[in-house]
Amino acid sequence: MRIESRRATERLGSVRLGGTQRVLELDSGKSSESHPLERMAVLQVPEDLIREYEEKLAIVIPIKDEKLQLFEGVISAVPHDCLLIVLSNSQRRRVDHFQMERDMLRQFCEFTHRQAIIIHQKDKVLSRAMLDAGYTEMLGPGGRLKSGKSEAMVAAILLSMALGKEYIGFIDADNYFPGSVWEYVKCFASGLILATSPYAMTRVLWRYKPKIYGGIYFKKWGRASEITNRHLNALLSHRSGFETDIVKTSNAGEHAMSLALARMLPYASGYAVETHELISILERFSGFLQPAPAAVAKQGIDIFQLETCNPHLHEDKGDVHLRREMLLPSLSAIYHSALCDDETRQGIASELRLQGIIKEGDVPAAPCVYRPPAEANLEAFNAIMMPALGEYFAVPESFKI
Ligand code: GDD
Ligand code: MG
């Protein structure tokens, strides 16, 4: 893969937050030699190195009642050597949607000689493992894991740690273009390779998010992300005293991390999760509020924002979802951060009022935040999950670790 060199970096204590870098070439060929002059403008990430990283990478697909054809396209595009982990919250009552996903994944794995893990979010073994790990606040009625993409992500992080993976990436199941999924994984790996620290994150920015308004229109910015980026940049600008527009991926559903970083972060519930990841990295490691832990201070944290070649087309879940479930929690994660200044808070409150999401005089409710996986009881989690993996979470047959 060839990627633009990084032009801008915001250095915030131990955090190195890179400006957008475009993917220039999806496959950079056999030779990994590049001309010295080329290296000033273009970074080549060797294909065999990307493959090496894919072996260490778990790709997590959260899914809730998506069209099976979309799910099939997504799984078929995840490079062969990545471990596929599907966390499903699909319905099991009238039609057992989860069973259909499981069947499809099993058949895919049989045809392609792969192994994957698929777990229902309300599964009693998983819920028990999360309880024993200490995540009582993540359990809902009947002691089952609460619904939400973020809750699924935390469970998948614990599982990837248990399976000895080094990296984890998240890809939504409602994607119409399998080729874009393939590119996300290549981007994930490339960012993690280019990082100079073991604490690394790649966040994907889509070049376009097409919309159908009569004809097809290649829109650049999603509504929620454009607004969230603006307010997160306002927070950074007020902190440093220098205006910046560096953040372009505050809502990046498609993102990857080293588990060394993922295990240290707290996670906000629901769709606040991706914005909150950036907020918690800044709260913990920028030095604004507290000194970063020594190991992190020494190595730093590398955040890459990579812009894809492929456009991103996913299911349109409607305006109410966009504003209430996405924008409100994302902005509330910024609003309630100890890093947030009064002016940014006022800006967020008026934005939410303007959008008709909160009433005059109201403030957004603080997101529910789950503790970092590093603070969980991993032995207890593993003791419950590992024996169950081969028995009924793995497809197509017993999982060999
Ligand atoms: N396991 C699980 N549990 N998965 C879920 C749940 C749940 O309760 N709710 C939704 N999902 C799955 C969906 O099926 C989809 O694959 C993925 O999580 C994202 O959910 P969407 O409902 O499609 O979210 P979105 O398209 O509005 O937002 C996505 O993109 C945003 C950036 O534009 C998400 O990835 C956001 O987190 C992201 O900020
Ligand atoms: Mg979606």
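Quick look at the numbers
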item	result
CD proxy at 222 nm, helix term only [per DSSP H run n ≥ 4: -39500 (n - 2.57); per residue of the chain; nearest 500]	-11500 deg cm²/dmol
For Phe304, net neighbour charge (Lys/Arg +1, Asp/Glu -1) across residues whose Cβ lies under 15 Å away	+1
Segment Arg93-Tyr217, extension gain: residue separation times 0.36 nm, minus the distance between their alpha carbons	40.8 nm
Rg to Rh quotient for the stretch 1-98, alpha carbon positions, Kirkwood Rh	1.13
Distance between the stretch 6-66 and the stretch 345-374 - C-alpha centres, whole angstrom	33 Å
Cα centroid separation - the stretch 79-150 against the stretch 200-261, whole Å	28 Å
Contact order relative to length of the chain, as percent, for alpha carbon pairs under 8 angstrom and 6 or more apart	23 percent
Placed amide H near Asp174: partners under 5 Å, 5+ positions off or other chain	none
Greater than 25 Å apart at Cα, pairs in Lys56/Lys149; Lys146/Lys359; Lys56/Lys146; Lys30/Lys211; Lys64/Lys209	Lys146/Lys359; Lys56/Lys146; Lys30/Lys211
Accessible heavy-atom area order of Leu43, Leu84, highest first, probe of 1.4 Å	Leu43, Leu84
Computed lengthening from Ala380 to Ala8, 0.36 nm per intervening residue step minus Cα-Cα distance	129.6 nm
Of all DSSP beta bridges in the chain, antiparallel share, percent nearest 5	50 percent
Fully extended contour minus Cα-Cα distance, from Lys124 to Thr112, at 0.36 nm per residue	1.4 nm
Spread of Cα-to-Cα distances over 5 Å intervals beginning at zero, given as percent, for the stretch 256-401	2, 8, 12, 14, 15, 14, 14, 11, 5, 3, 1, 0
Within the accessible area of the chain (1.4 Å probe), percent carbon and sulfur	52 percent
10 Å-binned pair-distance histogram of the stretch 217-320 (Cα, whole percent)	12, 42, 34, 11, 1
Accessible-area order (highest first, 1.4 angstrom probe) of the listed residues Glu10, Glu351	Glu10, Glu351
The stretch 285-401: relative contact order in percent, alpha carbon pairs under 8 Å with at least 6 residues between	17 percent
Residue-count net charge about Glu277 - beta-carbon cut-off 15 Å; Lys, Arg +1, Asp, Glu -1	+1
Mean separation of Cα contacts under 8 Å (6+ apart) over length of the stretch 1-95, as relative contact order %	25 percent
The chain - accessible surface per residue (Å², probe 1.4 Å)	42 Å²
Net charge of neighbours whose Cβ lies under 10 Å from the Cβ of Pro46, counting Lys and Arg as +1 and Asp and Glu as -1	-2
Amide hydrogen neighbours beyond the local backbone of Glu307, cut-off 5 Å, H modeled	Gln21, Arg22, Val23, Leu205
With eigenvalues of the C-alpha gyration tensor scaled by 5 and rooted, the chain, Å	30, 27, 22
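The values are calculated or read from the model by the stated rules, or taken from the named source; none is laboratory data. Everything numeric in this text was worked out from a predicted model, so none of it was measured. For neighbour counting, all protein chains shown are included, and Cβ atoms are generated from backbone atoms with ideal geometry for every residue, glycine included. Please note that ligands, DNA and RNA were not included when accessible areas were found on the heavy atoms of the full protein model with its side chains. Shrake-Rupley method; radii C 1.70, N 1.55, O 1.52, S 1.80 Å.
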